[in-house]
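Undergrad: One structure is given below, represented as structure tokens, and several questions about it will come after.
The values are calculated or read from the model by the stated rules, or taken from the named source; none is laboratory data. Quantities reported herein were computed from a predicted structural model and do not represent experimental measurements. Using ideal geometry, Cβ is built from the backbone for each residue, glycine included, and neighbour counts are taken over all protein chains shown. What goes into the accessible areas is simple: the full protein's heavy atoms, side chains included, and nothing from ligands, DNA or RNA. Shrake-Rupley method; radii C 1.70, N 1.55, O 1.52, S 1.80 Å.
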Amino acid sequence: METETQDVFWTQICSSFREEEGEAVFKNWIAPLIVDTIEVGVLRILAPTAFMRDWVDSHYRDTLMRVARKKKPTIVALDIVVGPAHRFDAKLQTEKMEKAFSKEVSATEEAADALTLGLDPRFTFENFVVGKPNELAYAAALRVAESNSVPFNPLFLYGGVGLGKTHLMHAIAWYIKENRPDREVIYLSAEKFMYQFIRALRHKDTMSFKEKFRSVDVLMIDDVQFISGKDSTQEEFFHTFNALIDQKKQIILSADKSPSDLSGIEERMRSRLGWGLVADIHPTTYELRLGILQAKAEKLSTEVPKEVLDFLAHKIGSNIRELEGALNRVVAHSTLVGRSINIEMTTEVLRDLIRSNERRISIEEIQNKVVEHFDIKLSDLLSSKRSIDIARPRQIAMYLSKALTTCSLPEIGRKFGGKDHTTVMHAVKRVEAIKKDNSAFSEDVDMLKRVLQV
Ligand code: ADP
Ligand code: MG
């Protein structure tokens, strides 16, 4: 089905559902969903979390099916699956954009105000937990916020998704709003920036567009990687950017890559983006994750046991947004079904999330690490040599392959130069036995295991 007709159909389903179940239920459970596809009689819907999927599935499946079939009797099945996060980010963006622009009035003052709408009140410096991975970005952001001059221009923050770029930008905006209300700050996503620009083009009003941006003191544009590719917008961005830099206005940009790695952006632009301070946010460490969880947990009315926080910090290594989401899901689940929070319940509620966070370690990685550790040749490790200084590392590598991958014994054997699965089994047993009565050996093996797991 075409996306457009699909959307129309989904809107119809939504309004029937709303009539049957009421506004509150609709808002909480159905509005956040996304219709993915309608094909061969199957309506496929995406839910943002597994918890939500389960809830909708067990409570509203029947209603959804009924209203869907009323509109389209060919529908025979309903699939509710947990959708990719980027789809939901995009949905949120669009909704925010629509909201911001539905409020936008042509008067410049109000328009400027609409630009700063959407600052998240939780994204302040006070709520930002500082650790090794983000200390540089934090210090730079604070410096820019406190400074009356322009310490570095532009400040370019970059790092992977969910590591705190937007949080820091909002924090700067809040800080300036509070301490220097006379300074005009504009924060907007690159998408919004483009949207505005294209709108101005359509209304043949690029003059006021330029004015709007050129009258600010601090301009923040989030996720500039999205500007790449769109030529005219890029051009406009570049002009505005240069004009502001010349006027000594502070510019703060964020992206998921460093300026030199941004693709689809003109060379002159790229080099200019790196003129000021480029601060990257590194992937989180266990300590930072735990710190963030503790800070979040303190604000909750529900008690979350220390070992559960610890467990989450260990298991969810991807990004902070996901980490927060995990904590919220556990708390929401506990409140809704009245179950106390412990590791067992957490494992259950977050099963899919934990699984997707488990890093896949390959047998090759294990072999390389073992070879490096024992200072032997890879070809020897894969050979049939039986001397103890080769055979023992080989056994350890097989043992680690069994422990850290989901490969079967025959598969492991094959990757070790075509050994039999009984050889692998023997190796695993042998290592387990030696581990039991030789603590130095045991520590050595465990250390290798830990190194491979990070
Ligand atoms: P990004 O823009 O880099 O994708 P965000 O700034 O949106 O990431 O951060 C994702 C979530 O993680 C937000 O809810 C934010 O408040 C939280 N977060 C990120 N870094 C920190 C931190 N250092 N301390 C507390 N919360 C953080
Ligand atoms: Mg962001």
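Undergrad: Roughly how many debye, to the nearest 20, is the charge dipole of segment 112-215 about its Cα centre, given +1 on each Lys and Arg Cβ, -1 on each Asp and Glu Cβ, and no other charges?
TA: 360
Undergrad: Per-residue ellipticity at 222 nm for the chain, helices alone: DSSP H runs ≥ 4 residues times -39500 (n - 2.57), over residue total, nearest 500 deg cm²/dmol?
TA: -18500 deg cm²/dmol
Undergrad: While we're on this one: Restricting to Cα pairs below 8 Å that are 6+ residues apart, what does the relative contact order work out to for segment 298-454? Please round to a whole percent.
TA: 17
Undergrad: What distance in nm separates the simple spin-label points at residue 358 and residue 429, each placed 7 Å from Cα in the Cβ direction?
TA: So the label points at residue 358 and residue 429 sit 2.5 nm apart.
Undergrad: Let me ask something additional. Give a quick list of trypsin sites (Lys or Arg not before Pro) in segment 214-315 that DSSP marks as loop, anything other than H, G, I, E or B, with at most 10 other Cβ atoms within 10 Å.
TA: 248, 299
Undergrad: Still on this structure, I have one more. In whole percent, what relative contact order does the chain give with Cα contacts below 8 Å and a gap of six or more residues?
TA: The normalised contact order for the chain reaches 11 percent.
Undergrad: Moving on to the next point. From the phi angles alone, apply the Karplus equation (6.51, -1.76, 1.60; θ = phi - 60°) to segment 269-274 and give each ³J(HN,Hα) in whole Hz, x where the residue is Gly or Pro.
TA: Karplus values, whole Hz, x for Gly and Pro: 5, 4, 6, 5, 4, x.
Undergrad: Lys/Arg Cβ at +1, Asp/Glu Cβ at -1, dipole of the chain taken about the Cα centre: which of 164, 238, 216 is farthest positive-ward?
TA: Value: 164.
Undergrad: Of all the accessible heavy-atom surface of the chain, with the other protein chains kept in place and a 1.4 Å probe, what percent is carbon and sulfur?
TA: Accessible surface attributable to carbon and sulfur in the chain totals 51 percent.
Undergrad: Distance from a point 7 Å along Cα→Cβ of residue 77 to each backbone N in segment 41-70: keep the residues under 15 Å and list them by number.
TA: From segment 41-70, the list is 41-45.
Undergrad: Between residue 440 and residue 385, take the C-beta separation as r, use R0 = 22 Å, and let me know the FRET efficiency to the nearest 0.05.
TA: It comes to 0.40.
Undergrad: As a test of the definition: which semi-axes, in Å, follow for segment 316-454 when you take the square root of five times each eigenvalue of its alpha carbon gyration tensor? Largest first, please.
TA: Square roots of five times the eigenvalues give 37, 15, 14 Å.
Undergrad: Quote the charge dipole size of segment 379-454 about the Cα centre in Debye, to the nearest 20; the model charges only the Cβ of Lys and Arg (+1) and of Asp and Glu (-1).
TA: 180
Undergrad: For the modelled label position 7 Å from the Cα of residue 275 along Cα-to-Cβ, which residues of segment 203-241 have backbone nitrogen atoms closer than 12 Å?
TA: From segment 203-241, the list is 238-241.
Undergrad: Turning to a different aspect of this structure: Over the Cα atoms of the chain, what is the Rg over Rh ratio if Rh follows Kirkwood?
TA: Rounded to two decimals, Rg over Rh is 1.04.
Undergrad: Still on this structure, I have one more. Determine the gain in length on full extension of the stretch residue 451-residue 335; use 0.36 nm per residue of separation and subtract their C-alpha separation, reporting nm with one decimal.
TA: Taking residue 451 through residue 335 to full extension adds about 38.0 nm, to one decimal.
Undergrad: For the pair residue 246/residue 58, report the inter-label distance in nm, with labels modelled 7 Å from Cα in the Cβ direction.
TA: Modelled inter-label distance: 6.4 nm.
Undergrad: Here's a follow-up. Calculated FRET efficiency, residue 210 and residue 287, Cβ-Cβ r, R0 60 Å, to nearest 0.05?
TA: Approximately 0.85, to the nearest 0.05.
Undergrad: Moving to a separate point now. Give the long-range amide H neighbours of residue 304: residues separated by 5 or more places, or on another chain, with amide H under 5 Å away, using H modelled in the peptide plane at 1.01 Å from N.
TA: The list, which skips near neighbours in sequence, is empty: none.
Undergrad: Which order do the peptides 69-75, 42-48 take when ranked by the mean count of other beta-carbon atoms within 10 Å per residue, highest first?
TA: 42-48, 69-75
Undergrad: What number comes out for accessible area per residue over segment 241-340 if the probe is 1.4 Å? Units Å², please.
TA: I get 49 Å² per residue for this part.
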